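Quick notes on the structure that follows.
The values are calculated or read from the model by the stated rules, or taken from the named source; none is laboratory data. Nothing here was measured: the structure is a model prediction, and the numbers come from that model. Neighbour counts run over all protein chains shown; Cβ positions are idealised from the backbone, glycine included. Accessible surface areas use protein heavy atoms only, side chains included; no ligands, DNA or RNA. Shrake-Rupley method; radii C 1.70, N 1.55, O 1.52, S 1.80 Å.
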Amino acid sequence: MSHGAGGEVMQDLISDIILSNIHNTRVNGGVGLEDLDDGASIPLGDYEIVISTDGHTIDPLFFPGGDIGRIAVAGTVNDISVMGARPLAIANAMIISEGFPGEDLERIIKSMDAVSRETGVSIVTGDTKVMEQGKLDRMVITTTGIGVVGRGETVRDSGLRPGDKIILTGSVGDHGMALMAFREGFGFDTDLESDVAPVWGIVEAALNVGGVTAMKDPTRGGIANALNEMADKSGVGMVLDEDSIPVREEVKAVSEMLGIDPYEVANEGKVIIGVDPEYAEDVLAAVRSAPYGEEARIIGEVTDDKHVILETSLGGRRILEAPVADPVPRVC
Amino acid sequence: MGNMVEIVLEGSHEGIEEFIERLKKDKPPISRINSIKKDIFEVNEASFTEFIIKESSSSSSGTSVIPADVATCSSCLEEMMDENNRRYLYPFTACTDCGPRFTVIESIPYDRERTSMRDFPLCSSCMEEYLNPLDRRYHAEATCCPICGPKPFLYRDGILKTHDPIKMAAELLDDGSILAVKGIGGTHLVCRADDDEVVKRLRSGLGRPNQPFACMSPDLESIESYASISDVEEEALTSRRRPIVVLKKSRDYCLAPSVAPGLHNIGVMLPYSGLHHVLLRYTEAPAYVMTSANRPGDPMFIENTEIIGGLQGIADYFLLHDRRIVNRCDDSVVRFRGGEMAFIRRSRGYAPEPYEIPHVAGDVSAICLGPELDVTFSVLKGGQCYVSQHIGNTSRYDTLLFLKDAVDYLMGITGTEDVDVIACDLHPQFLTTSYAEELASRFSAEVLRVQHHHAHALALMLDAGVDECICIAADGVGYGDDGTSWGGEILHCHGSDYERLGSLMPQRMPGGDLATRYPARMLLSMLRGRYEGDLQELFSERYSDYFPHGEREIGVVMRQLESGLNTGISTGTGRVLDAISAALRICGVRTYEGECAMKLESEAFRASGKLSMPFEVKEKGGRYILDTSAILLDVMELIDRGEDRAEIAHAAQKAVAEGLAEMAVLAADDAGVKCIGGTGGVFYNEAISLAVRDYVTERGYRFIQHRNSCAGDGSVSLGQAVAVALRYR
Ligand SMILES: [Fe+3]
Ligand SMILES: [Mg+2]
Ligand SMILES: [Zn+2]
Ligand SMILES: [Zn+2]
């Protein structure tokens, strides 16, 4: 699979094989499987329980800015958070290859612990299996998170309305580009680093202000995928000001050398927030004072067109498309 | 009827027959008779006493005729230059033989009240002409005069007070200003073509550092001061369609070098609207740059407020008028190769005149959306294929909107309410592909996805009137049916099928589309694993300035080629020509489509042809493969031997051409086919096109090329329409 894995090809796999063969997909009218949101919800009394699960395989296990442990906890915490729910607990299943170095495992567990303490989330249950050598590439971690939110208060991908402002909480492409550079052994003398971080602080700050209509964390497929998915599910379009989307210089340089669009690669510590325009400035201010939210910007607004459009400083408008797994050249 | 002429006449049998013969022979110059149907009714005595033309009915049957725009005719021109005529120097003078058509039509039938001329009610003198069957302006829908017609004005922070805005515009141009000039179907940015400074200022304002600008000259003599004109080129230049003709610069080329930098040719046109005639009557330079007023990739501005707003900081002044442009229509561009014409762009003056394909089309109707860049679309209906004006790069949002509008509009003026099929490219990411899905659900139509080069081939075969051939489809990129990028293909086309019998050697494109922009990436890719010396060292020494991030990037590309990260596969001829161009240090960055290959052609044009280069065709994976890496290795060797750059360029280009031709000959021999065709943007290249022609004809094959269609992507929608016709008839 190529760099932007998680684009349209993956969507087809999900709908053709998985969704069509599972029948019970929803509890008490909450958010269910076929909503393909960041997680699911189960309404109970005055609350909704939010659940999200994620299997983590990553190469390399340790990379600039983090490791598989940090990603496993932060990623699941983030999926719960962008549903608008306070993350409470994590269940952690690990499958480890026989002979996996003990000190590496310890490092990974310690970094899981660090994120859980940072966000006040407990790791309450787990399972560990060891597989015969050669059957598995080092390790797989599956984390399932549980959170809670007031009944009817889950934040969906699909809640955007024309006129809403779009807030992006920081620079894009850091995680994907750092990993790619590191993995391919390109030996960049850069300080390229993954942005992996828990975003509950950002989300909580935004929700406290109010006016949030939709949220998503732009992981696989980058902001190109996340923005298109949000627009698609909401039945709207967007106009974005390209100059206000922050891309770090190092990320830009690597992207220019590999020919890979920073908008199409994963972020692990960013949120895209749709906000009622009346609340937009206040939400922005709150997000900016939260941890990992200092660089937040309003990048555009929601339209009633169906396309996600980037406006560039040179005055042109181009369409931002959802990435595909294997891009085929299209320029003459 | 709204879309045909019904003539009721009375007379003897012989008289009527003679009338019909003379109708065919003496018909008005811009008319075309598709067919004549006659019904005879016997009457006892004559009863017709006068000649009348009845109002057009709004009903229609069969297919419609939508005329294209026509350049100012000589009679109108005479009037405009006659001091005593009431239309003296009036820039919107038109008659039944000339003037705007397609660009002013809002709906059919074509009558004044359904054109943007309805904003200008005829004065009594014009009305008299309009109603007089003996007048040249009898029912001339676009006629007008200084009293009743549109008026020009000059603008800069407000309308400038002058009794003669066109004369003042001419003076401003001659003083080195850049003007936006609104014309018939669009707007031009105009400046002196003999003033390097102003041309460069226009380039930087537009963000087009190198793309050749077209020019307009007042007459043939002026053109001859900077370009040479052959007989066929003169015919095209002076035709009533007035396309831009790509001419060879002459030895005593006197225009600014920045007009068409690095190229041996230049696009030139003669005035085609009254406004141009008047403007160029006042000016002094031999030629003026006349380039479409748009941001790169976006549609031309056509509305006064948009022209002024969008070109702020680019144009110093605006020469505008108050007639609405209903249909944007870019200038057409043609080029001759060995005396044979092909369209580079078929638009103003031609669009939307249909191609007739009743023999293949049956009564299937379709919309065909073309590829992504250089898009035209087609409406197929009643055996006619209406190919639209030039639309452009549909990955740009505004161009996509233009496409959508233009589709609705062309459906309207062709009376198309329903369609059976929507055709589009095979490329999954093209926006025209997703638009096809949208249209298909709107019309409950089927979608037919046509392979890009097959569409090229079908357009050529329609043009040449053959139904089986071996086609060389050579261009930059097209989505192949194996999911890789094609562009140097030998296809055996018959009926609605094709087989790929040969191609250029598949090469990796490190960085995907980035390798198109920076051709040295392609060069590195093609030499890797074949070059005997140290590639990193070679590139650091010779080509590091061709990589924006210098030596570090060379290392990255080398590793990228090892790991395979974002290195799609291409058999594109464009990529090979780019790599040769980079190897010879002719072009290191592509700033417009085809730049590196065009500059290679221009460099090769200087050569005597004393060098020749071998080429090698192998058989692999069931098809013929031309070893393009071997050609690049030879190029490197000739550079090291100190050979002349133009000679190497010529030899390498010829090796690519003859390699393609050899594969085609082998395939034709296998398939028992006697006809070989050349299509795709590469066939604009005169040297390649002639080399292929000579190679195949010397071996006893018939060679066909585009004559009345585009070799490039502008005719892909036409080819798609043929594919629909063949599949669904
Ligand atoms: Fe093409
Ligand atoms: Mg969400
Ligand atoms: Zn005329
Ligand atoms: Zn008049």
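What are the residues in the range B:130-153 that are open to solvent by less than 30 Å² (accessible area, probe 1.4 Å) and within 13 Å of ligand 4 (Cβ to nearest atom), if any? Spell out the reasoning first.
If we filter the range B:130-153 for residues that are open to solvent by less than 30 Å² (accessible area, probe 1.4 Å), which is where we start, we get B:130, B:137, B:140-145, B:148-150.
Hits for the range B:130-153 are B:Tyr130, B:Arg137, B:Ala140, B:Ala142, B:Thr143, B:Cys144, B:Cys145, B:Cys148, B:Gly149, B:Pro150.
Which strands (runs of 3 or more DSSP E) sit wholly inside the range B:455-550 and have at least 2 residues that are within 14 Å of another protein chain (Cβ to nearest Cβ)? Steps first, answer last, please.
Working: elements: B:468-479, B:485-494, B:497-504, B:507-510.
Answer list for the range B:455-550: B:468-479, B:485-494, B:507-510.
Of all the residues that make up the range B:106-125, how many are under 31 Å from the mean Cα position of the chain (by Cα) and either hydrophobic (A, V, I, L, M, F, W, C) or within 16 Å of ligand 1 (Cβ to nearest atom) (or both)?
Summing the residues that are under 31 Å from the mean Cα position of the chain (by Cα) and either hydrophobic (A, V, I, L, M, F, W, C) or within 16 Å of ligand 1 (Cβ to nearest atom) (or both) in the range B:106-125 gives 2.
Given the criterion away from ligand 3 (no atom under 16 Å from the Cβ) and touching a residue at least 60 places away in the same chain (Cβ under 8 Å), identify the matching residue among B:Ile470, B:Ile422.
On the way: B:Ile422 fails: touching a residue at least 60 places away in the same chain (Cβ under 8 Å).
On inspection, the qualifying residue turns out to be B:Ile470.
Restricting to the range A:286-320, and then to whatever is open to solvent by 10 Å² or more (accessible area, probe 1.4 Å), part of a helix (DSSP H, G or I) and in contact (Cβ under 8 Å) with a residue 24 or more places away in the chain, can you tell me which residue is farthest from A:Pro162 (Cα to Cα)?
If we take residues in the range A:286-320 being open to solvent by 10 Å² or more (accessible area, probe 1.4 Å), part of a helix (DSSP H, G or I) and in contact (Cβ under 8 Å) with a residue 24 or more places away in the chain, then A:Ser289 is farthest from A:Pro162 (Cα to Cα).
Identify the residue in the range A:84-134 that is crowded, with 16+ Cβ neighbours inside 10 Å and β-branched (Val, Ile, Thr) and, among all such residues, is nearest to A:His56 (Cα to Cα).
Residue satisfying both the conditions and the ranking: A:Ile95.
B:Leu439 versus (1) more than 28 Å from A:Ile309 (Cα to Cα); (2) hydrophobic (A, V, I, L, M, F, W, C); (3) surrounded by fewer than 24 Cβ atoms within 10 Å (Cβ to Cβ): which is the lone unmet condition?
(1)
Applying the selection to the range B:367-390, what residues are within 15 Å of ligand 1 (Cβ to nearest atom), away from every other protein chain (no Cβ under 14 Å) and among the β-branched types (Val, Ile, Thr)?
B:Thr376
May I ask you to say which residue of B:Asp408, B:Asp363 is free of Cβ contacts under 8 Å to residues at least 12 places away in the same chain and either open to solvent by 10 Å² or more (accessible area, probe 1.4 Å) or within 14 Å of chain A (Cβ to nearest Cβ) (or both)? Don't jump to the end; show me each part of the working.
Working: B:Asp363 fails: free of Cβ contacts under 8 Å to residues at least 12 places away in the same chain.
Going through B:Asp408, B:Asp363 in turn, just one is free of Cβ contacts under 8 Å to residues at least 12 places away in the same chain and either open to solvent by 10 Å² or more (accessible area, probe 1.4 Å) or within 14 Å of chain A (Cβ to nearest Cβ) (or both): B:Asp408.
Provide a single number: the residues in the range B:561-577 that are over 37 Å from the mean Cα position of the chain (by Cα) and facing another protein chain (nearest Cβ under 7 Å). So that I can check it myself, show each step before the final result.
Within the range B:561-577, the subset over 37 Å from the mean Cα position of the chain (by Cα) is B:562-563.
Filter once more, so that each one left must be facing another protein chain (nearest Cβ under 7 Å): B:563.
Total satisfying the criteria: 1.
Given (1) within 24 Å of B:Phe377 (Cα to Cα); (2) more than 14 Å from chain A (Cβ to nearest Cβ); (3) crowded, with 21+ Cβ neighbours inside 10 Å, where does B:Ile676 come up short, assuming only one miss?
(1)
Go through the range B:1-50 residue by residue and tally those that are open to solvent by 70 Å² or more (accessible area, probe 1.4 Å) and either in contact with a Phe, Trp or Tyr (Cβ under 6 Å, 6 or more places away or on another chain) or among the small types (Gly, Ala, Ser) (or both).
Residues flagged as open to solvent by 70 Å² or more (accessible area, probe 1.4 Å) and either in contact with a Phe, Trp or Tyr (Cβ under 6 Å, 6 or more places away or on another chain) or among the small types (Gly, Ala, Ser) (or both) within the range B:1-50 amount to 3.
Checking B:Thr93 against (1) at pLDDT below 95; (2) within 16 Å of ligand 4 (Cβ to nearest atom), which test does it fail?
Going through the list (1) at pLDDT below 95; (2) within 16 Å of ligand 4 (Cβ to nearest atom), B:Thr93 breaks only (1).
In the range A:147-175, which residue that is farther than 16 Å from A:Ile273 by Cβ and surrounded by fewer than 23 Cβ atoms within 10 Å (Cβ to Cβ) is farthest from ligand 2 (Cβ to nearest atom)?
Initial filter on the range A:147-175 (farther than 16 Å from A:Ile273 by Cβ): A:147-148, A:150-152, A:162, A:173-175.
Filter again for surrounded by fewer than 23 Cβ atoms within 10 Å (Cβ to Cβ), leaving A:148, A:150-152, A:162.
Numbers: A:Val148: 16, A:Gly150: 16, A:Arg151: 17, A:Gly152: 15, A:Pro162: 19 Å.
Applying the filter and picking the extreme gives A:Pro162.
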